[in-house]
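Some notes on the structure that comes next.
The values are calculated or read from the model by the stated rules, or taken from the named source; none is laboratory data. Everything numeric in this text was worked out from a predicted model, so none of it was measured. Please note: Cβ atoms are built from the backbone with ideal geometry, for glycine as well, and neighbour counts cover all protein chains shown.
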Amino acid sequence: MARRSTAAPAIRGATRADDERLAKIDRLTWSPQSSPGPRPRAGGPFFERGLEPGNVLVAELDGVLAGYVAIGRATRLDANAHVRAIHGLAVDPAYQRRGIARALLAAAAAEARRRGARRLTLRVLAANREARRLYEAVGFETEGTLREEFRIGEGYVDDVLMALRL
């Protein structure tokens, strides 16, 4: 268990050197309640899924990389260039409940603004109530629900679309 710190996390851009630690965080945090995608494979690189270090912000607490947020274009359409989307958010379970996810979301919003965005969007599984409460607490609003968008296990799961006006 990581020792408790009262310090605020330091946010910085990711580098390729962070790959192994980011991949580990993905494996530690993956669950069918948080992702419709497959479980990240052991030993698999983080930056293999189309993510680039320039689109990932990481949080360090007491010198340890504790979490990340991935942001990028919502679509490739020029007409949608004013929108950025969160393509992933995870905090190592040993560092959760310390304000890291909130700090990462604030940094993602600031980075989206810096890139000229007017909106920051995300998708979250309806069953992931804890994540939805966090997003609402930092200002995201539900804009729609895709009913039974994913089949996970033996059931169908709704996908909730949320957005933050910047």
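Restrict the check to segment 99-117 and report whether at least one residue is assigned to a strand (DSSP E or B) and among the aliphatic types (A, V, I, L, M).
No, segment 99-117 contains no residue that is assigned to a strand (DSSP E or B) and among the aliphatic types (A, V, I, L, M).
In contact (Cβ under 8 Å) with a residue 40 or more places away in the chain and surrounded by 15 or more Cβ atoms within 10 Å (Cβ to Cβ): which single residue out of 57, 51 fits that description?
So the residue among 57, 51 that is in contact (Cβ under 8 Å) with a residue 40 or more places away in the chain and surrounded by 15 or more Cβ atoms within 10 Å (Cβ to Cβ) is 57.
Answer yes or no as to whether residue 157 is in a strand (DSSP E or B), touching a Lys or Arg at 6+ places or on another chain (Cβ under 7 Å) and at negative phi.
Against the criterion (in a strand (DSSP E or B), touching a Lys or Arg at 6+ places or on another chain (Cβ under 7 Å) and at negative phi), residue 157 does not qualify.
Which of the residues that make up segment 9-48 are in a loop (DSSP other than H, G, I, E, B), in contact with an Asp or Glu (Cβ under 7 Å, 6 or more places away or on another chain) and in contact (Cβ under 8 Å) with a residue 60 or more places away in the chain?
Selection gives 9 alone.
Residues in segment 26-40: is at least one surrounded by 14 or more Cβ atoms within 10 Å (Cβ to Cβ), of a type in the set (Asp, Glu) and more than 14 Å from the chain's Cα centre (by Cα)?
No, there is no match, as no residue in segment 26-40 is surrounded by 14 or more Cβ atoms within 10 Å (Cβ to Cβ), of a type in the set (Asp, Glu) and more than 14 Å from the chain's Cα centre (by Cα).
Counting only residues that are touching a residue at least 60 places away in the same chain (Cβ under 8 Å) and not in a strand (DSSP E or B), which one in segment 63-98 is farthest from residue 22 (Cα to Cα)?
Applying the filter and picking the extreme gives 98.
Run residue 103 past the list (1) out of contact with any Pro (no Cβ under 6 Å at 6 or more places or on another chain); (2) surrounded by 14 or more Cβ atoms within 10 Å (Cβ to Cβ) and report the number of the one that doesn't hold.
Checking residue 103 against (1) out of contact with any Pro (no Cβ under 6 Å at 6 or more places or on another chain); (2) surrounded by 14 or more Cβ atoms within 10 Å (Cβ to Cβ), the one that fails is (1).
Check whether at least one residue in segment 132-150 is in contact with an Asp or Glu (Cβ under 6 Å, 6 or more places away or on another chain), surrounded by 14 or more Cβ atoms within 10 Å (Cβ to Cβ) and in a loop (DSSP other than H, G, I, E, B), and report yes or no.
Filtering segment 132-150 for residues in contact with an Asp or Glu (Cβ under 6 Å, 6 or more places away or on another chain) gives 145-147, 149.
Subset that is surrounded by 14 or more Cβ atoms within 10 Å (Cβ to Cβ): 149.
Right, trim to in a loop (DSSP other than H, G, I, E, B) and you get none.
Looking for residues that are in contact with an Asp or Glu (Cβ under 6 Å, 6 or more places away or on another chain), surrounded by 14 or more Cβ atoms within 10 Å (Cβ to Cβ) and in a loop (DSSP other than H, G, I, E, B), one finds none in segment 132-150, hence no.
Going by the conditions given, is residue 76 more than 21 Å from residue 131 (Cβ to Cβ), modelled with pLDDT of 90 or more and surrounded by fewer than 17 Cβ atoms within 10 Å (Cβ to Cβ)? Walk me through it before giving the result.
Numbers: more than 21 Å from residue 131 (Cβ to Cβ): yes; modelled with pLDDT of 90 or more: yes; surrounded by fewer than 17 Cβ atoms within 10 Å (Cβ to Cβ): yes.
Answer is yes for this residue.
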